[in-house]
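Notes follow the structure.
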Amino acid sequence: MAVTYICRHCQTFIGEIRQGEVNEFQLGFHFLTPEERRDIISYNPNGDVTVKVVCDYCKEALEANPELSLLANPLQ
Ligand SMILES: [Zn+2]
């Protein structure tokens, strides 16, 4: 199972974990509520997982302009 991290705002590729050993417990997914999991984690048909996080660029932009976080991504 591979885990790919992309930015939830700009879709930038952030990183990837390719380990046979990795599981949801190690990734910390068990801390998430069911709603958060549905929002953040995408399970691909091939068994891989895509996790939507916030990249450094968007994090800075959001911190500089907190009102931006209220805007939903029109692409989603
Ligand atoms: Zn971003």
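What are the residues in the range 21-62 that are assigned to a loop (DSSP other than H, G, I, E, B), in contact (Cβ under 8 Å) with a residue 24 or more places away in the chain and within 13 Å of ALA2 (Cβ to Cβ), if any?
GLY47, ASP48
Of all residues in the range 10-40 being modelled with pLDDT under 90 and surrounded by 14 or more Cβ atoms within 10 Å (Cβ to Cβ), which is nearest to TYR57 (Cα to Cα)?
That would be ILE17.
Residues being more than 14 Å from the ligand (Cβ to nearest atom) and surrounded by fewer than 13 Cβ atoms within 10 Å (Cβ to Cβ): count how many of those fall in the range 48-69.
Result for the range 48-69: 2.
Yes or no: the range 44-63 includes at least one residue that is in contact with a strand residue (DSSP E or B) (Cβ under 8 Å, 6 or more places away or on another chain), among the small types (Gly, Ala, Ser) and modelled with pLDDT of 90 or more.
There is no residue in the range 44-63 that is in contact with a strand residue (DSSP E or B) (Cβ under 8 Å, 6 or more places away or on another chain), among the small types (Gly, Ala, Ser) and modelled with pLDDT of 90 or more.
Out of the residues in the range 1-47 that are more than 13 Å from the chain's Cα centre (by Cα) and among the acidic types (Asp, Glu), state the one that is nearest to the ligand (Cβ to nearest atom).
GLU35
The values are calculated or read from the model by the stated rules, or taken from the named source; none is laboratory data. Keep in mind the model is a prediction, meaning the values are calculated, not measured. Note that we place each Cβ from the backbone using ideal geometry, even for glycine, and neighbour counts take in every protein chain shown.
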